[in-house]
Amino acid sequence: MVLNLNHGEQFAYTTFLNDPDRLEKDAARIRNLYLSTFILGPTQFFFVERFLKLAKENDVKVYLIWPKVYETYRKRYYELEMEKTWWPKIQDLAKRYSAVSVDLNTQTSCELFYDASHQSIMCFLESMKLMIDDYYGFKKIQ
């Protein structure tokens, strides 16, 4: 029953056209749910660093991704100054452990969203090409 909510739409995450009214409502809902009480703490980085250390020891290439979200929801990230606090720490960890940090909000152009916090799968090709090109050395991520 749960798997068939909205006729299985949640599995596809496919959107060919944004519904701005629905996305605005969803952005407000998840902003209030997840970001209204957000506090940046050291434990958020502890586990990322442990993971990166383990990956480096085992010669595993890691991409730390800041997922692209709908513009109204993204503005809340910027109000919290996450691009000045959280993201620089993630970028620093990536450099220290030979990982690659990827901000899909600034490094990709696809603007289709399943909901305010998830891009449509129609955007995955662009995101995957960015990382695959980097992985194989065709075009390095800046």
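Here, each number is a calculation from the coordinates, and none is a lab measurement. This one's a predicted model, so the numbers in the text were calculated from it and none came from an experiment. Every residue, glycine as well, gets a Cβ built from its backbone with ideal geometry; the counts of neighbours run over all protein chains shown.
For this structure, a couple of remarks:
- Dividing the summed helix terms, -39500 (n - 2.57) for each DSSP H run of n ≥ 4, by the number of residues in the chain produces a 222 nm estimate of -13500 deg cm²/dmol to the nearest 500.
- Rounded to 10°, Cα long-axis angle of helix 86-96 versus longest principal axis of the chain: 40 degrees
- The GluC sites (Glu not before Pro) found in region 16-88 that occupy coil by DSSP, while having at most 12 further C-beta atoms within 10 Å, are E81.
- Backbone amide hydrogens, once placed in the peptide plane, bring Y70 within less than 5 Å of S117, H118, excluding anything fewer than 5 places away on its chain.
- With contacts taken as Cα pairs under 8 Å and at least 6 residues apart, region 60-142 reaches a relative contact order of 36 percent.
- Rg to Rh, two decimals, where the chain supplies the alpha carbon set and Rh follows Kirkwood: 0.99
- Here the gap between K89 and T43, fully extended at 0.36 nm per residue and compared with their Cα-Cα distance, gives a gain of 15.3 nm.
- Cα-only Debye scattering, region 48-117: base-10 log of I(q)/I(0) at q = 0.12, 0.14, 0.18, 0.26 Å⁻¹: -0.37, -0.50, -0.74, -1.11
- 10 Å Cβ shell holding at most 11 others, DSSP loop, trypsin sites (Lys or Arg not before Pro): longest site-free stretch of the chain: 1-83
- Stokes-Einstein D (µm²/s) once Rh is taken as the Kirkwood radius of region 25-64 over alpha-carbon pairs, at 20 °C in 1.002 mPa s: 171 µm²/s
- Separation of the alpha carbons by more than 20 angstrom is noted, of K84/K129; K25/K75; K75/K95; K61/K139, for K84/K129; K75/K95.
- Segment R50-E81, length gained on full extension (0.36 nm per residue, minus Cα span): 8.7 nm
- Once backbone amide H atoms are built at 1.01 Å from N, Y114 has Q119, S120 as its partners under 5 Å, excluding neighbours fewer than 5 places away on the same chain.
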